[in-house]
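Working notes, beginning with the structure itself.
The values are calculated or read from the model by the stated rules, or taken from the named source; none is laboratory data. Because the structure is predicted, anything quoted here is derived from the model rather than measured. Here the Cβ positions follow ideal geometry from the backbone for every residue, glycine too, while neighbour counts run over all protein chains shown.
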Amino acid sequence: MAASEARVLITHCDEDTSAFQRHFLHLRNPVSGKQACYVVGCDGRLQELNWSKQRHTAWFIENSVCADGSLYLATPVDPLFVILPILEQLRMKKGDDMGKFRSLDDIVSVDGYPGYECLRPYLQRSLGIICESREVGEDMFYRLDDSKVLAWLLCKVAKLSEALKSSSGLFSGLHPNELSECLSFLNVPIVRLGSATNVYVIKLLGEYLKMDPWVSPICKHLGKKLHRDAEWIRMP
């Protein structure tokens, strides 16, 4: 790759960009449904690709200058967040009818998005976390299970909340009153330490989940109230 075409990418993969060039793929954003770019790292983990560009910036790479001073940041994301809206759509739930079971082939066959096929190995291992499954002959079929999804999401909230309180510079070492002031700046009206971190995490998960049918049940279960028109907090 010529120096003028170079890009700077920060990722969890230790190898250089050319080593996993073929693993860049497009999937639907789980909230907006719009096309988003992801990368599968050399360790097989799915990472979402974010792009940042400041004015009047450039990179010095070895003995050359890269005029494109933008930065690409790849961060790991649980593929279940990406596949969740696909599963919701495919089950075709109506009223008391819990919907249809689908094969893995059906799940990864998304029109215009061949990249979902790259998720097959992970989904084979993990769909049981959020789906009912049935074995017919040698084939497995899956249907999204709301109770399993809620349990999975509550586990995410608990683990992320604990991680924030124990390791994040934003939360660690803060007195509850200081934390309250910090979260007040972020438009979070909860003052107790545990609740504040939970609310922050719920809003963070809102980057990957639609309010209905997923965020609302989490809030109801935890006793939190979030307004539909509230602006989701983005991690600083």
Please determine whether any residue of region 142-149 is in contact (Cβ under 8 Å) with a residue 12 or more places away in the chain and either surrounded by fewer than 14 Cβ atoms within 10 Å (Cβ to Cβ) or under 17 Å from the mean Cα position of the chain (by Cα) (or both). yes
What number of residues within region 124-139 are closer than 17 Å to I83 by Cα and touching a helix residue (DSSP H, G or I) at 6+ places or on another chain (Cβ under 9 Å)? 9
Does C66 satisfy the condition of being modelled with pLDDT under 75 and farther than 16 Å from V82 by Cα? no
Modelled with pLDDT under 90 and at positive phi, is that true of M98? no
Could you list, in sequence order, the residues of region 69-95 that are hydroxyl-bearing (S, T, Y) and at pLDDT 85 or above? T75
Looking at V39, is it buried (at least 16 other Cβ atoms within 10 Å of the Cβ), β-branched (V, I, T) and in a strand (DSSP E or B)? yes
